[in-house]
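What follows is one structure encoded as structure tokens, with my remarks underneath.
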Amino acid sequence: MKIGVLFLHGFSGGPYEVEPFAHYIEQRIDWTVSIPTFSGHGDAEHLAMKGYKAEHWMMEAEIAYRQLKKQVDEVIVVGFSMGGVIAMYLSIRYPVKKLVLLSAAAKYVSPTQLVKDVRAIAQDMVHKKLEENELFARYKFKFKNVPLTATIEFMKVVKKTEPYIKNIQCPTFIVQGELDGIVPSTTAQILYEQIQSQKKQMYISDCGKHHICYSDDCERWFDQVYRFLLEH
């Protein structure tokens, strides 16, 4: 039985957002791993989102799924942030062996945590430590280069998928950071309750922010999700 794992990155991001977990899997088992880059996305040099729509990204995920399915017998889908929403979309439309949702952006922006993060950025600015601030380092380019039209298209991805979350039946593992300033941490519980799968698990990282694959406890949840994926 050949297994393929499709990794889907987040809005205005790139494969680097999910690569730590992809590498973890590749080091342990001979599964076929696919990490496509959505149009207009990638690293800072290639970020050019203007003109791309929700339909582009959703269709590209479908194409990536179909290409992978030609090579393997069963497909696992792992989605981060917007990629988590698109992963849910795929699991409704196609046979998905297991689904992994990382900081899945079914709800968007946690005001309380965002205020804390902005305050931390402001303090680091005052103390001239801004370049040491992880959140600022990750988002300074995006603040300047992600057009509003692209953000609206991202919201369309969420709106298109949200009504059908209750139809998800495949085994699902949800990972969420308690300190996520982009996706409210309560989103994980909402998804857990809405998804109808008979087999589902959830891991809440006390120290995790939005880029959950880079959390201090990532090795712990990498192992838990990996064991979940191995179960028959």
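For region 148-202, a residue qualifies if it is of a type in the set (Val, Ile, Thr), assigned to a helix (DSSP H, G or I) and buried (at least 16 other Cβ atoms within 10 Å of the Cβ), and the qualifying residues are VAL157, VAL158, THR161, ILE165, THR187. Where the second residue is part of a helix (DSSP H, G or I) and acidic (Asp, Glu) and the first is open to solvent by 10 Å² or more (accessible area, probe 1.4 Å) and at pLDDT below 95 and lies in region 205-226, which pairs have Cβ atoms under 7 Å and are six or more apart or on separate chains? If the second residue must be part of a helix (DSSP H, G or I) and acidic (Asp, Glu), the pairs left are HIS211/GLU17.
Of the residues LYS2, LYS50, LYS70, which is surrounded by fewer than 18 Cβ atoms within 10 Å (Cβ to Cβ), of a type outside the set (Val, Ile, Thr) and within 21 Å of GLU231 (Cα to Cα)?
Result: LYS2 is the single residue among LYS2, LYS50, LYS70 that is surrounded by fewer than 18 Cβ atoms within 10 Å (Cβ to Cβ), of a type outside the set (Val, Ile, Thr) and within 21 Å of GLU231 (Cα to Cα).
From the list VAL115, VAL77, pick out the single residue that is at negative phi and at pLDDT below 75. From the options VAL115, VAL77, the qualifying one is VAL115.
The values are calculated or read from the model by the stated rules, or taken from the named source; none is laboratory data. Given the structure is predicted, the values throughout are model-derived calculations rather than measurements. Note: ideal-geometry Cβ built from the backbone for every residue, glycine included; neighbour counts use all protein chains shown. Heads up: the accessible areas ignore ligands, DNA and RNA and are worked out on the full protein's heavy atoms, side chains in. Shrake-Rupley method; radii C 1.70, N 1.55, O 1.52, S 1.80 Å.
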